[in-house]
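Below is one structure, written out as structure tokens; the observations come after it.
Laboratory data are not the source of any read-out in this text; all were calculated from the coordinates shown. On a predicted model such as this, the values are computed, not experimentally measured, just so you know. When we count neighbours, we look across all protein chains shown, and the Cβ atoms used for this are built from the backbone with ideal geometry, even at glycine.
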Amino acid sequence: MTDSKYFTTTKKGEIFELKTELNSDKKEKKREAVKKVIASMTVGKDVSALFPDVVNCMQTDNLELKKLVYLYLMNYAKSQPDLAIMAVNTFVKDCEDPNPLIRALAVRTMGCIRVEKITEYLCEPLRKCMKDQDPYVRKTAAVCVAKLHDMNPTLVEEQGFVELLNDLLSDAIPMVVANAVAALSEINEQRSLIEVNSQMVNKLLTALNECTEWGQVFILDALAGYAPRDEREAQNICERISPRLAHANAAVVLSTVKVLMKLIEQLPNDSDFITQLTRKLAPPMVTLLSAEPEIQYVALRNINLIVQKRPDILKQEMKVFFVKYNDPIYVKMEKLDIMIRLAQQSNIAQVLSELKEYATEVDVDFVRKSVRAIGRCAIKVEQSSERCVQTLLELIQTKVNYVVQEAVVVIKDIFRKYPNRYESIISTLCENLDTLDEPEARASMIWIIGEYAERIDNADELLESFLDGFHDENTQVQLQLLTAVVKLFLKRPQDTQQLVQKVLSLATQDSDNPDLRDRGYIYWRLLSADPAAAKQVVLAEKPLISEETDLLEPSLLDQLVCHIGTLASVYHKPPNSFIDTARQPLRQINNSASNHTAAAAADILGSASVSSAPQPAVIPAQDNLIADLLSLDIAAPTPGVSAGMSAAPMPTTGGDFDDLLGGIGGGMGGGADLSGLGGIGGGIGGGLAGFEDGNQAAAGNAGIGLSDWFGGSSAQTQGVQLPRQVWLDAAANMGLQLEGTVVRRNGMITLDMTITNKAMQAMSGFAVQFNKNSFGLLPAEPLQVNAPLFPGQTINVSLPCNTDGPVQRMDPLTNLQS
Amino acid sequence: MIGGLFVYNHKGEVLISRIYRDDVNRNAVDAFRVNVIHARQQIRSPVTNMARTSFFHVKRGNVWVCAVSRQNVNAAMVFEFLNRFADTMQSYFGKLNEENVKNNFVLIYELLDEILDFGYPQNTDPGVLKTFITQQGVRTAAPVPVTKEEQSQITSQVTGQIGWRREGIKYRRNELFLDVIEYVNLLMSQQGQVLSAHVAGKVAMKSYLSGMPECKFGINDKITIEGKNRAGADDPNKASRAAVAIDDCQFHQCVKLNKFDTEHAISFIPPDGEYELMRYRTTKDIQLPFRVIPLVRETSRNKMEVKVVLKSNFKPSLLAQKIEVRIPTPPHTSGVQLICMKGKARYRAGENAIVWKIKRMGGMKESQISAEIDLLSTGNTEKKKWNRPPVSMNFEVPFAPSGLKVRYLKVFEPKLNYSDHDVIKWVRYIGRSGLYETRC
């Protein structure tokens, strides 16, 4: 009965042995053999060679064996599409089996086999199963539609499966409804086919009370996407779902919170109903903090959002966020964050004594954050600033290096919030000058010295001591140092002339950093032209810093509140910043190419599609072929290509990749032309000036977009022009749409681009910047877009490129494979 | 949705790997091993994002269970699912460890096929799963073992409204066991001030009832009791003193939440066998069973004196059990001399703690331990690292520290001929320590 024995066979010739066993007449032996095969598959051995033998075992009345064979099929069908066809008959037959469990099993497995030929045969059985009399089959069929849609969206639409799914929403069995709504939501995510309407919402609300916990999650998540027609409907939905807050499953609770938070927005702000509702929200969220630590973590990340959005909900609950000694570090850090957000005058005493306690813990990051939190309390609650500063001073006395550094950084902020109040402690800070070795702490200390230069007798000496190692400092420190010395000079011009000369020349003449240089020049000119004006500029009264510096941007916050419970709310990032939104058929190829730029871990992920599943032996379309070539450097070359490679001579000049692809181009196209390599995977990130004013998220998207487009569009031979692809989508990039392709013209790689302005305002000042890439690809001339681009306008530009730029060296990615 | 699910041993070897979606490929397995299991530093989050792929993990014993997704999935759901998956495995083959996972891998694959479809969690109730996924394949081994009725019964149960109970259960003796188990959590400052205290309670049931009984459960919840008082003519003072203010409660999926919301009645059709009916949390008027008063004095550079007084605070007629007080010591302790009035105490160098155990202790008693700790005279730095962890304790008392009382538990089964009176009911209260800590 112990299955572990199946894991232990490591003999050579194992595959052959298994083959014989699989073809054995004895049922028992057969089953044992299949188990061994599955065990090998689990540990990552390639047992695809046994495909025909395993499929032969499919015709069995033993359910356990059948399930194992199906499992094998799902794993390897893609690599053996022709053989997989053999299984179709059995599937179709099983879909008619009198036993509903077998019918469901067949349709479930069939959906998981991603082979186009099988998909064709799936439609009829699936249609039948969706109308099956047994609810178990229907609920399985509902999910199967989502599977089919993932493979072939048009087929699903053409065959009318969406309508059938829609019908299942009225099913009498709640679980069928739940699965149907889950499938519909997923289909809608890619293309809105069915609008959630109030009739549907009613059905869902009815099913909600009776389905499994997971079904409730699907339904609630779907409800979150619905916008009620009016207040009354919103209130009605709130009333009907709020009992879910008492569910034992944290996902149900959080999804309910999500829907409620969204609907509250639709209700008039001051109504009693809202007060009642918000009162109901707090207890279940607090309860989540006694769940497993992982769930606590998800809950805390979400509470962090909720506290920012509606601070009153949890304002009374400070105590539950006190850190426990045994909490995992990730829970501790999150609790600390929320404590600061909830800190106010009434509870500050408690919070401070807790924070002081935490500042003596062992974990460095946690201690740092605690120290920083003390500073933030001081800034947030004025009445407590005195005590906070006192506490920080005590902590500085401990002389623990990182505590001191962190304390210096926050004290700088306190000075900025309450000028002329706590300067008496500067002397204590100066005593610790030598221990500061982190840039931020050094910069903060230098800022303090410069700001209060007139009160520190030896300020000039202190600053001078930093100057010796000026070029070794971090930019942040250099900039601070420059400003501080200028401040000192303006305050005490008599004895610091030399010092200021020295720092200005260091900044302007010896430095390569443009920021530093520019700042140096500005100061220099200001000082030489009009010292009085310089004084006004440099020593101008600074605005006080605000209380909350780390709040999320309101628009992002609103977006995240709509994603409560999901990964977006855990990362505090919009979904498109960490997942691939574009799920095109080419997706897989894109992935493997874009992984060039990703970290080592990414390469492991990307390469598998090639290594575990060799490409089918069909001649792919042009761009496919090239995309395949691109995955070359990730995995072992496919036979056809390696022939091409050996045929071409390998010159030794230029970048490795140039040669490699040039060789392939030669072997493939017959000419010696370098098939336009378009900087494959080089990640020409960033810089179209059109979105320079955008927020970080937009810039992030641009980078992502660019690295993605290399997958499909990178190369072509002379005379053939690839259709333009959308590189940057207007929706994700502040209205700037960029389509383009790579061509080879007059022996030069040229980017042909179409820029469309879909925003409300005119765009101008276009520029393009290439990241350092593996091909040394650089624009040969600046991007020529002269006139501003008005809304709705489109312009075509081409940008010739050279390949003599700096080359980003990349180790051959094959090294990563073990 | 969930794209794949992997189970690893502590070395990072894959024991189970099931991929549900095309966007996750097998080498994600390695990415997780390299970057999380073999990561050098401490794990900073249960969710890791690598190359646009998110990895969720929980650790049970020496086994890692990891779910992978490339979509914006419901993270709470994934973790709930992982925990449920682990529970289901445990209910099939006991402890979750490498050995057992290997021994049952076929079963686990079968389970994974059933409870997760295209990454969507399906019915995960072990009770229901056991009706058609059997450990030995007993039911499925014979050619046509199941009658047609049985088949449809299984499917209707998996998908049905009462997915947690099958029909036609019969017992000769109808019995109900009800345990009110409470975990008292306390964080007390050195000065004896309660920083935070709450009770996390649960009502655990074992029901052996025939048919499809409907149960009603009543507790001395403040809202219900006060609602009653307004209607009746009871003395309000007396009643509200006996009532407990529940901050929040959660119920097993069998409880009709709508009914609770409107009428505050806990009404349900129970699963067969063991289950957790409800969980609740209270923060007001908690009767703390023990008070710990630590006194730490550093007498010299390499000597410390610790005295801990333990006071029990409940009815003298009751007995607390399994009392254990854990007093942390600095890592550079070289020796400890102990004197305790009651029980046994021992210094455990490996755990850096003095453990003081008392088998039984009555209410309103007091006991004390004093220790002299010799310290190695090491450098200053190491001494600083010891941050005086709190004194913690464990115990078990035979009452509910929150004050919760079961008022009634009624059983109705209209179709079978047994009434509420025929059911034998057992009620038990247990108060245990959760995190019960006093700073020193």
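Checking the Cα-Cα distances for A:LYS324/A:LYS399; B:LYS256/B:LYS405; B:LYS216/B:LYS415; B:LYS170/B:LYS415 against a 19 Å cut-off, the pairs over it are A:LYS324/A:LYS399; B:LYS256/B:LYS405. Bridging of A:LYS758 to lysines at a Cα separation below 19 Å is possible for none of them, once same-chain residues fewer than 8 apart are set aside.
Relative contact order of segment A:369-503, please, whole-number percent, based on alpha carbon pairs below 8 angstrom and at least 6 residues apart.
Details: 130 pairs, mean separation 25.8, N = 135.
Taking the mean separation of contacting Cα pairs over the length of segment A:369-503, I get 19 percent.
Identify the trypsin sites (Lys or Arg not before Pro) of segment A:146-241 meeting these criteria: DSSP loop state and at most 16 other C-beta atoms within 10 Å of the C-beta. All intermediate terms of the calculation are to be shown ahead of the outcome.
Details: sites: A:LYS147, A:ARG191, A:LYS203, A:ARG229, A:ARG232, A:ARG240; in loops: A:ARG191, A:ARG229.
Counting only loop positions with at most 16 other Cβ atoms within 10 Å, the trypsin sites (Lys or Arg not before Pro) in segment A:146-241 are A:ARG191, A:ARG229.
Sort B:HIS421, B:HIS38, A:HIS563, B:HIS332 so that the residue with the fewest other Cβ atoms within 10 Å of its own Cβ comes first and the one with the most comes last.
Going from sparsest to densest Cβ surroundings: B:HIS421, B:HIS38, B:HIS332, A:HIS563.
What are the trypsin sites (Lys or Arg not before Pro) within segment B:262-340 that DSSP puts in a loop, where the Cβ has at most 11 other Cβ atoms within 10 Å? Numbers along the way, then the final one.
Working: sites: B:ARG279, B:ARG281, B:LYS284, B:ARG291, B:ARG297, B:ARG301, B:LYS303, B:LYS307, B:LYS311, B:LYS322, B:ARG326; in loops: B:LYS284, B:ARG301.
Answer by residue number: B:ARG301.
Here each label is just a point 7 Å from Cα along the line to Cβ, and for B:ALA265 and B:THR131 those points are 2.7 nm apart.
For peptide A:560-572, how many partner chain Cβ atoms fall within 10 Å of a residue's Cβ, on average? Display every interim value, and only then the final one.
Working: counts 0, 0, 0, 3, 3, 5, 8, 11, 3, 4, 9, 6, 0.
Mean shielding by partner chains, rounded to a whole number: 4.
Distance from the alpha carbon centroid of segment A:360-415 to that of segment B:246-275 works out to 47 angstrom. A:LYS491: which lysines have alpha carbons under 24 Å from its alpha carbon, excluding same-chain residues fewer than 8 sequence positions away? By straight Cα distance, A:LYS491 reaches A:LYS412, A:LYS417, A:LYS502, A:LYS535, A:LYS542. Rounded to 0.05, the FRET efficiency of the B:LYS425 and A:ASP167 pair, given R0 = 35 Å and the Cβ-Cβ distance, is 0.15. Taking amide H as placed 1.01 Å from N in the peptide plane, the amide H of B:ASP247 sits under 5 Å from that of B:ARG281, B:THR282, B:THR283, each at least 5 places away or on another chain.
Determine the gain in length on full extension of the stretch A:ASP804-A:MET86; use 0.36 nm per residue of separation and subtract their C-alpha separation, reporting nm with one decimal. Display every interim value, and only then the final one.
Details: separation 718, 0.36 × 718 = 258.48 nm, distance 5.37 nm.
Answer, rounded to one decimal: 253.1 nm.
Of all lysines in the structure, the ones whose alpha carbon falls short of 20 Å from that of A:LYS19, not counting any fewer than 8 places away in one chain, are A:LYS5, A:LYS11, A:LYS27, A:LYS29, A:LYS30, A:LYS35, A:LYS36, A:LYS45, A:LYS66, A:LYS67. The residues A:THR42, B:THR283, when put in order of fewest to most other Cβ atoms within 10 Å, stand as B:THR283, A:THR42. If you average the C-alpha positions of segment A:231-263 and of segment A:111-135 separately, how far apart do those two centres end up, in angstrom? Spelled out, the Cα-based centre of one part sits 35 Å from the other.
Ranked by the mean number of other Cβ atoms within 10 Å per residue, highest first, peptides A:167-176, A:466-475, A:484-493 order as A:484-493, A:167-176, A:466-475. Residues A:LYS139, B:LYS342, A:LYS27, ranked from the fewest to the most other C-beta atoms within 10 Å, line up as A:LYS27, B:LYS342, A:LYS139.
Among B:GLY350, B:GLY218, B:GLY403, the largest mean-square fluctuation in a Gaussian network model of chain B (Cα springs under 10 Å) belongs to B:GLY350. Each residue of segment A:40-52 is assigned a 3J(HN,Hα), and the resulting list reads 5, 4, 4, 7, x, 6, 8, 10, 5, 5, 8, 3, x Hz, derived from the Karplus form 6.51 cos²θ - 1.76 cosθ + 1.60 (θ = phi - 60°), x at Gly and Pro. Rounded to two decimals, the Cα-based Rg/Rh of segment B:1-43, with Kirkwood Rh, is 0.99. Over the Cα atoms of chain B, the radius of gyration divided by the Kirkwood radius equals 1.02; this is the Rg/Rh ratio.
For the residues B:PRO270, B:PRO330, B:PRO289, a GNM of chain B with alpha-carbon springs under 10 Å puts the largest fluctuation on B:PRO330.
R0 = 35 Å: FRET efficiency of B:THR299 with A:ASP434, Cβ-based, nearest 0.05?
The value I calculate is 0.55.
Comparing mean-square fluctuations of B:GLN368, B:GLN250, B:GLN151 from a GNM of chain B with C-alpha springs under 10 Å, the top value falls on B:GLN151.
May I ask you to order A:436-449, A:343-356 by the average number of other C-beta atoms within 10 Å around their residues, highest value first?
Numbers: A:436-449: 21.5, A:343-356: 18.0.
Ranking, from highest mean packing down: A:436-449, A:343-356.
Working from Cα pairs under 8 Å separated by at least six residues, relative contact order for chain B is 15 percent.
Going through the cross-link list A:LYS319/B:LYS59; A:LYS280/A:LYS380; A:LYS332/B:LYS311; A:LYS26/B:LYS102; B:LYS206/B:LYS410; B:LYS95/B:LYS357, which pairs have a Cα-Cα distance over 19 Å in this structure? Show your work: numbers first, answer last.
Numbers: A:LYS319/B:LYS59 28 Å; A:LYS280/A:LYS380 28 Å; A:LYS332/B:LYS311 31 Å; A:LYS26/B:LYS102 25 Å; B:LYS206/B:LYS410 14 Å; B:LYS95/B:LYS357 28 Å.
Flagged as over cut-off: A:LYS319/B:LYS59; A:LYS280/A:LYS380; A:LYS332/B:LYS311; A:LYS26/B:LYS102; B:LYS95/B:LYS357.
According to the calculation over all Cα-Cα pairs in segment A:341-493, the P(r) per 5 Å bin from zero is 2, 10, 20, 21, 19, 13, 9, 5, 2, 0 %.
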